[in-house]
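*Asks:* Here it is, the structure in full.
The values are calculated or read from the model by the stated rules, or taken from the named source; none is laboratory data. Just so it is clear, the model here is predicted, and its values are computed rather than measured. Note that each Cβ is placed from the backbone with ideal geometry, even for glycine, and that neighbours are counted across all protein chains shown. Please note that ligands, DNA and RNA were not included when accessible areas were found on the heavy atoms of the full protein model with its side chains. Shrake-Rupley method; radii C 1.70, N 1.55, O 1.52, S 1.80 Å.
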Amino acid sequence: MSPTDEAALQSAFDAAIGADERIEPRDWMPDGYRATLIRQIAQHAHSEIIGMQPEANWITRAPSLRRKAILMAKVQDEAGHGLYLYSAAETLGVSRDELLDKLHSGRQKYSSIFNYPTLTWADVGAIGWLVDGAAITNQVPLCRCSYGPYARAMVRVCKEESFHQRQGYELLLALSRGTPAQHAMAQDAVDRWWWPSLMMFGPPDAESAHSAQSMAWKIKRHGNDELRQRFVDICVPQAEALGLTLPDPDLRWNEERGSHDFGEIDWSEFQQVLKGNGPCNEQRISQRRRAHEEGAWVREAAAAYARKRAAAPSNEDGRR
Ligand code: FAQ
């Protein structure tokens, strides 16, 4: 391609971004835009499937059939989100095998939040309320991401996450209004999940390597700090309604800013978790690798079935 062709393509891309149009898989896009999307969508997809583990841990121990059915549906939804997202990433020219290989070998990340343990049943409620709540706050703006397949996947994901958030809230409310021991268990879960949930939004803007460029490309619509603040402001009245407290002595309403001030996040803990030193990093990845190996026969059978169908002549009514 000549430099003038390249310049024309770049300016058509810039004009489309400027006009808030969607970029689609067959459109020309800068290499950096493609690489950023692959990185973010892959990390997001990996988070969805690794995120199945902490809650799946409680399926066999759910306290009633109703809670078990709800939790199974939720964990299954997360697998579905992973599939939409891997498919969206594939439209950018990478294969799912390549992405899974990068996850298993530690060359691509997944969200820090899934490296914390689920110690009690109340953790299932805290994950729904706080983790899914943080995910929705982060992902609703991604429905307006400039890359079409990612934005469209996000619309459905957000609808399902909103159900997840409410089930967590309802579960915590039941515990909070239950016996003193149940109330204490709910409070303990919120105490442990609050700060890691705030870390889900990523490092402060000043230290966020990708935010400025991602916002210029309209992949991200807001900085990490703005979304984190929005999440804190949403959670404070919800915690009050739940009858639970958020574990932050510095949390207070700031009249001037029209927002809540909150305490300092322990960014050294975040960095440690990203480096692989969180409480459950090793367990999560080894379990994922094992599930992948044990599922090889399913992938082989599905591929063999697809080949057989493709080779078989059609029936009279058009079915194979
Ligand atoms: N964990 O420059 P930035 C869910 C990395 S929700 C791990 O600010 P960016 C639902 C970042 O990748 C969770 N790594 O990066 C669910 C980069 O490293 P790199 C998933 C993090 O991309 C609920 C470096 O730090 N949601 O799964 C984290 O502009 C319940 C510098 O950071 C998404 O992924 C972190 N928390 O902004 C499932 C949403 N934060 O790649 C099951 C889509 C940052 O250079 C159960 N993603 N890093 O090596 C995003 O919106 C963005 O990627 C951010 C980070 C906001 C996460």
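*Asks:* Could you please give the count of residues in region 65-86 that are open to solvent by less than 50 Å² (accessible area, probe 1.4 Å), over 14 Å from the mean Cα position of the chain (by Cα) and not basic (Lys, Arg)? First the steps, then the outcome.
*Replies:* Start the filter on region 65-86 by keeping residues that are open to solvent by less than 50 Å² (accessible area, probe 1.4 Å), which leaves 67, 70-71, 73-75, 77-82, 85-86.
Narrowing further to those that are over 14 Å from the mean Cα position of the chain (by Cα): 67, 70-71, 73.
Now drop any that are not not basic (Lys, Arg), which leaves 70-71, 73.
Residues that pass the stated criteria total 3.
*Asks:* Restricting to region 15-34, and then to whatever is loosely packed, with under 13 Cβ neighbours inside 10 Å and under 22 Å from GLY93 (Cα atoms), can you tell me which residue is farthest from the ligand (Cβ to nearest atom)?
*Replies:* As a first pass, look at region 15-34 and keep what is loosely packed, with under 13 Cβ neighbours inside 10 Å: 15, 18-20, 24, 26, 31-32.
Retained after the next criterion (residues that are under 22 Å from GLY93 (Cα atoms)): 24, 26, 31-32.
Numbers: GLU24: 20, ARG26: 24, ASP31: 16, GLY32: 13 Å.
Once the filter is applied, the top-ranked residue is ARG26.
*Asks:* So, one more: Could you give every pair whose Cβ atoms fall below 8 Å, whose first residue belongs to region 137-150 and is closer than 13 Å to LEU85 by Cα and outside any helix (DSSP H, G or I), and whose second residue is more than 9 Å from the ligand (Cβ to nearest atom) and among the charged types (D, E, K, R), counting only separations of at least 6 or pairs across chains?
*Replies:* If the second residue must be more than 9 Å from the ligand (Cβ to nearest atom) and among the charged types (D, E, K, R), the pairs left are TYR147/ARG22.
*Asks:* Follow-up. Can you name the condition, by its number, that ARG152 falls short on among (1) open to solvent by 30 Å² or more (accessible area, probe 1.4 Å); (2) within 19 Å of MET185 (Cα to Cα); (3) of a type outside the set (S, T, N, Q)?
*Replies:* Here ARG152 clears every test but (2).
*Asks:* Still on this model: Assess whether ALA212 counts as being on the phi < 0 side of the Ramachandran plot, touching a helix residue (DSSP H, G or I) at 6+ places or on another chain (Cβ under 9 Å) and touching a residue at least 40 places away in the same chain (Cβ under 8 Å).
*Replies:* no
*Asks:* In addition: Determine whether region 134-144 contains at least one residue that is more than 14 Å from the chain's Cα centre (by Cα) and more than 11 Å from the ligand (Cβ to nearest atom). Please lay out each step first, then the result.
*Replies:* Just the residues of region 134-144 that are more than 14 Å from the chain's Cα centre (by Cα), to begin with: 144.
Narrowing the set further to residues that are more than 11 Å from the ligand (Cβ to nearest atom) leaves 144.
Checked region 134-144: at least one residue is more than 14 Å from the chain's Cα centre (by Cα) and more than 11 Å from the ligand (Cβ to nearest atom).
*Asks:* Testing ARG299 on (1) within 16 Å of the ligand (Cβ to nearest atom); (2) of a type outside the set (Asp, Glu); (3) without any contact (Cβ under 8 Å) to a residue 40 or more places away in the chain; (4) over 25 Å from ASP132 (Cβ atoms), one condition comes back false. Which one is that?
*Replies:* Unmet for ARG299, out of (1) within 16 Å of the ligand (Cβ to nearest atom); (2) of a type outside the set (Asp, Glu); (3) without any contact (Cβ under 8 Å) to a residue 40 or more places away in the chain; (4) over 25 Å from ASP132 (Cβ atoms): (1).
*Asks:* Of the residues in region 234-274, how many are touching a strand residue (DSSP E or B) at 6+ places or on another chain (Cβ under 6 Å) and among the acidic types (Asp, Glu)?
*Replies:* Going through region 234-274 one residue at a time, the tally reaches 1.
*Asks:* Tell me, please, whether a residue that is under 19 Å from SER162 (Cα atoms) and within 12 Å of the ligand (Cβ to nearest atom) can be found in region 86-103. Spell out how you get there, then give the answer.
*Replies:* Narrowing region 86-103 to residues under 19 Å from SER162 (Cα atoms): none.
Looking through region 86-103, none of the residues is under 19 Å from SER162 (Cα atoms) and within 12 Å of the ligand (Cβ to nearest atom).
*Asks:* Looking at region 228-247, is at least one residue basic (Lys, Arg) and within 11 Å of the ligand (Cβ to nearest atom)?
*Replies:* Residues of region 228-247 that are basic (Lys, Arg), as a first pass: 228, 230.
Those left that are additionally within 11 Å of the ligand (Cβ to nearest atom): 228.
Taking every residue of region 228-247 in turn, at least one turns out to be basic (Lys, Arg) and within 11 Å of the ligand (Cβ to nearest atom).
*Asks:* Please list, ordered by first then second residue, the pairs with beta carbon atoms under 6 Å, 6 or more apart or interchain, first in region 55-80 and on the phi < 0 side of the Ramachandran plot and modelled with pLDDT of 95 or more, second of a type in the set (Asp, Glu) and surrounded by 15 or more Cβ atoms within 10 Å (Cβ to Cβ).
*Replies:* Once the first residue is on the phi < 0 side of the Ramachandran plot and modelled with pLDDT of 95 or more and sits in region 55-80, its partners that are of a type in the set (Asp, Glu) and surrounded by 15 or more Cβ atoms within 10 Å (Cβ to Cβ) give VAL75/GLU55; ASP77/GLU160; GLU78/GLU48.
*Asks:* For region 66-99, enumerate the residues that are under 22 Å from GLY32 (Cβ atoms) and acidic (Asp, Glu).
*Replies:* Keep residues of region 66-99 that are under 22 Å from GLY32 (Cβ atoms), which gives 85-86, 88-95, 98-99.
Listed by number, the residues that qualify are GLU90, GLU98.
*Asks:* In addition: So SER105 passes all but one of these: (1) surrounded by fewer than 15 Cβ atoms within 10 Å (Cβ to Cβ); (2) over 24 Å from TRP194 (Cα atoms); (3) in contact with a Phe, Trp or Tyr (Cβ under 9 Å, 6 or more places away or on another chain). Which condition number does it fail?
*Replies:* (3)
*Asks:* Just to be sure I understand the filter: pairs with C-beta atoms under 7 Å, separated by 6 or more residues or on different chains, first member in region 243-270 and open to solvent by less than 30 Å² (accessible area, probe 1.4 Å), second member among the charged types (D, E, K, R). Which pairs pass?
*Replies:* Taking only residues 6 or more apart or on different chains, the pairs are SER259/ASP233; HIS260/ASP233; HIS260/ARG252; GLY263/ASP248; GLY263/ASP250.
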